[in-house]
1. Quick one: is Lys109 within 17 Å of Gly256 (Cβ to Cβ), at pLDDT 95 or above and surrounded by fewer than 16 Cβ atoms within 10 Å (Cβ to Cβ)?
2. In this structure, is Asn265 in a loop (DSSP other than H, G, I, E, B) and within 15 Å of ligand 2 (Cβ to nearest atom)?
3. When the residues of region 51-103 are filtered to those that are assigned to a strand (DSSP E or B) and out of contact with any Phe, Trp or Tyr (no Cβ under 9 Å at 6 or more places or on another chain), which remaining residue is surrounded by the most Cβ atoms within 10 Å (Cβ to Cβ)?
4. If you take the residues of region 218-244 that are without any contact (Cβ under 8 Å) to a residue 40 or more places away in the chain and part of a strand (DSSP E or B), which of them is farthest from Pro271 (Cα to Cα)?
5. Any residue at all in region 1-21 that is within 26 Å of Thr88 (Cα to Cα) and touching a Cys at 6+ places or on another chain (Cβ under 9 Å)?
6. Among the listed residues Asp181, Asp210, which satisfies the condition of being away from ligand 2 (no atom under 12 Å from the Cβ), assigned to a loop (DSSP other than H, G, I, E, B) and either of a type in the set (Asp, Glu) or at pLDDT below 95 (or both)?
7. What pairs come up if the first residue lies in region 184-206 and is more than 8 Å from ligand 1 (Cβ to nearest atom), the second is assigned to a loop (DSSP other than H, G, I, E, B) and of a type in the set (D, E, K, R), and their beta carbons are under 7 Å apart, counting only those six or more places apart or on different chains?
8. Go through region 107-178 and tell me which strands (runs of 3 or more DSSP E), entirely inside it, have 3 or more residues that are over 23 Å from Arg199 (Cβ atoms), touching a Pro at 6+ places or on another chain (Cβ under 6 Å) and touching a residue at least 24 places away in the same chain (Cβ under 8 Å).
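The values are calculated or read from the model by the stated rules, or taken from the named source; none is laboratory data. It should be emphasised that the depicted structure is a prediction, and the values quoted were computed from it without experimental measurement. Cβ placement follows ideal geometry from the backbone for every residue including glycine, while neighbour counts extend to all protein chains displayed.
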Amino acid sequence: MRTIYGAAPGDIPSFDTARLRAEFLVEGLFRNGELNFVYTHIDRMILGGGCPTEKPLSFGDGSELGTEYFLSAREAGIANLGGSGRVTIDGETFALDNRDVLYVGRGGKKITLESDDASRPALFYINSVPAGADIPNRLVKRQESKPLDLGEERRANKRTLRMYIHPEVTPSCLLLMGITDLAPGNIWNTMPPHLHERRMEAYLYFDMADEDRVVHLMGRPAETRHLMVGNCDAVLSPAWSIHMGAGTGPYAFVWGMTGENQAYNDFQPVPLATLK
Ligand SMILES: O=C(O)C(=O)C[C@H](O)C(=O)CO
Ligand SMILES: [Zn+2]
């Protein structure tokens, strides 16, 4: 598991492109037949990507975390961003179609990921964060998520945000997880940008053409920077950083958050005219 230590806002002015990308961009999570994890010290979130083809992929050992099992002191959300597949947790199997999300509670021992069809593999994207209670596993199908229609066509930011792991949909300790889809022809996400001092956030951009990029904006409002983000790359957004992005073509993204609370509306919008 690769570890990213993260940086402080005061570090940003001195970072060149390579350093900025090393601290805030997670590339290469999804490779056919592999399961990859990145541990960030930003609120100890683990990001994972599993792409099972012919053979199932399993995880669950906690030795790198200093616990018996990976989930001895953690909860997780697993979003399927590819073809249909299955996730089995200690013998209980859940069928995940594209854009279904499974909540996995603390205490799961062995987690196995499988694709229904190796030629159209499932893409399992994992967010795991420390948890303080045992909450039952629960599959949230796309149609059970809570949709919010946001933005305006004339401002090129019309989009549908779906909450999956959220107190109004299914309980968790401190993990929040959802998926935002841009309406066709719209390019801007998270408009206006915002800060949430009490939560970090990870974005995983997907459903992009290989040649397209999302220009993701981050940093303190008066000291912004950009990251050029490709398909299935993730961005780490610490509590002090704004986040918003514009795509050169169609895209969607998974957002995952953790921190002090699960109050989605506990955020501070940042007026666009104050950004530098
Ligand atoms: O497009 C949006 O707006 C989002 O998806 C916002 C993210 O969910 C977010 O930043 C939540 O804090
Ligand atoms: Zn946010």
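1. no
2. In short, yes.
3. Within region 51-103, the match that is surrounded by the most Cβ atoms within 10 Å (Cβ to Cβ) is Arg74.
4. Among them, the one singled out is Met228.
5. no
6. Answer to the selection: Asp210.
7. Final answer for the pair search is Asn186/Lys158; Arg198/Glu260; Arg198/Asp266; Met200/Asp43; Tyr205/Asp233.
8. 111-115
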